[in-house]
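Presented below is the structure to which this report refers.
The values are calculated or read from the model by the stated rules, or taken from the named source; none is laboratory data. Computed from a predicted structure; not experimentally measured. When we count neighbours, we look across all protein chains shown, and the Cβ atoms used for this are built from the backbone with ideal geometry, even at glycine.
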Amino acid sequence: MTLPLPLRNRLAHLILDALHDGAARRGLEAVAAVCADPRALDPATPLPEGFPAELFDRRDDGWRMRSGFGPHAAAFGERAARAARALADRPLAAADPPLPVGLAEAATLFEAGLYFETHEVLEPFWMRALGAEREALQGLIQVAVGFQHLANGNLEGARALLRDGATKLAGHRLDRRGTSVFAAEVARCLGEIIALGADAPARFDWTRVPRFPPED
């Protein structure tokens, strides 16, 4: 289920904050916990500072997402849980890290299937970059958004961005990461998506998504 924009954006902000802020990370973990079990938080204990309480109501049976958001609680919680697991062992970074750290953060999020958040991490670096570095960063962003489009059922957008992203990444390096092999694997995914036709959003095998370009 595609999250409504207010939920998607609020969770994305929490995930990005959790890269460098311990309170946000604890809030993210709490979200994952209460979406799985509304009674997970002790009512006698103050809420974690980073918990997005504006999205929840405290009821007799525990913390529940507010009216209108309830149908999205499972998807919201599943995404929060993926992020919490991905970040659990990752040290907190500076709020404005250098490119190598930003790429490592993007890799962590991409491997967790958090493609929208991958784009959000990379965009500030792309905005400051020039030349080949800028093109390669744009390619990574387009690939991430392409897979997010596919997850959302936007087949046309997925095809266009995966194609453009793979083209931009061919023959580049970012810091100590070569992107050509990744570009070829994205192009392979695109071919599979095209072959699946209109059923691609439902039938694509997500285990076929390539790993984020590794360090040499």
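Scan region 56-92 for residues that are farther than 16 Å from Ala30 by Cα and surrounded by 15 or more Cβ atoms within 10 Å (Cβ to Cβ) and jot them down.
Phe69, His72
Residue-wise test of (1) part of a helix (DSSP H, G or I); (2) closer than 17 Å to Arg66 by Cβ; (3) of a type in the set (Ser, Thr, Tyr).
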{"position": "Leu3", "(1), (2), (3)": "no, yes, no"}
{"position": "Leu7", "(1), (2), (3)": "yes, yes, no"}
{"position": "Arg26", "(1), (2), (3)": "yes, no, no"}
{"position": "Ala30", "(1), (2), (3)": "yes, yes, no"}
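Quickly run through region 144-198 and pick out the residues that are of a type in the set (Val, Ile, Thr), more than 16 Å from Pro214 (Cβ to Cβ) and in contact with a Lys or Arg (Cβ under 8 Å, 6 or more places away or on another chain).
Ile193, Ile194, listed by residue number.
Check whether at least one residue in region 87-110 is farther than 22 Å from Pro6 by Cβ, among the hydrophobic types (A, V, I, L, M, F, W, C), outside any loop (DSSP other than H, G, I, E, B) and free of Cβ contacts under 8 Å to residues at least 24 places away in the same chain, and report yes or no.
First, the residues of region 87-110 that are farther than 22 Å from Pro6 by Cβ: 87-108, 110.
Checking which are among the hydrophobic types (A, V, I, L, M, F, W, C) leaves us with 87-88, 92-95, 99, 101, 103-104, 106-107, 110.
Checking the rest, the ones that are also outside any loop (DSSP other than H, G, I, E, B) come to 87, 99, 101, 103-104, 106-107, 110.
With free of Cβ contacts under 8 Å to residues at least 24 places away in the same chain added as a condition, the list becomes 101, 104.
Yes; the residues of region 87-110 include at least one that is farther than 22 Å from Pro6 by Cβ, among the hydrophobic types (A, V, I, L, M, F, W, C), outside any loop (DSSP other than H, G, I, E, B) and free of Cβ contacts under 8 Å to residues at least 24 places away in the same chain.
Each row is one residue, and each column tells you yes or no for (1) in the same structural domain as His13 (by TED's automatic domain parsing); (2) under 18 Å from the mean Cα position of the chain (by Cα); (3) among the β-branched types (Val, Ile, Thr).
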{"residue": "Ala32", "(1), (2), (3)": "yes, yes, no"}
{"residue": "Arg82", "(1), (2), (3)": "yes, yes, no"}
{"residue": "Leu103", "(1), (2), (3)": "no, yes, no"}
{"residue": "Val121", "(1), (2), (3)": "no, yes, yes"}
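I need the full set of residues from region 107-135 which are touching a Ser or Thr at 6+ places or on another chain (Cβ under 6 Å) and under 20 Å from Ala184 (Cα atoms), in order please.
Phe110
Go through the residues of region 61-76 one by one and say whether even a single one is out of contact with any Pro (no Cβ under 8 Å at 6 or more places or on another chain), farther than 24 Å from His149 by Cβ, in a loop (DSSP other than H, G, I, E, B) and modelled with pLDDT of 95 or more.
The answer is no; no qualifying residue exists.
Looking at (1) at pLDDT below 95; (2) within 14 Å of the chain's Cα centre (by Cα); (3) closer than 16 Å to Asp57 by Cβ, which is the only condition Arg10 fails?
So Arg10 meets the others, but not (1).
Where in region 125-216 are there helices (runs of 4 or more DSSP H), lying fully within it, with 2 or more residues that are crowded, with 16+ Cβ neighbours inside 10 Å and aliphatic (A, V, I, L, M)?
On the way: elements: 131-152, 155-169, 180-196, 200-203.
Of the helices (runs of 4 or more DSSP H) lying wholly inside region 125-216, those with at least 2 residues that are crowded, with 16+ Cβ neighbours inside 10 Å and aliphatic (A, V, I, L, M) span 131-152, 155-169, 180-196.
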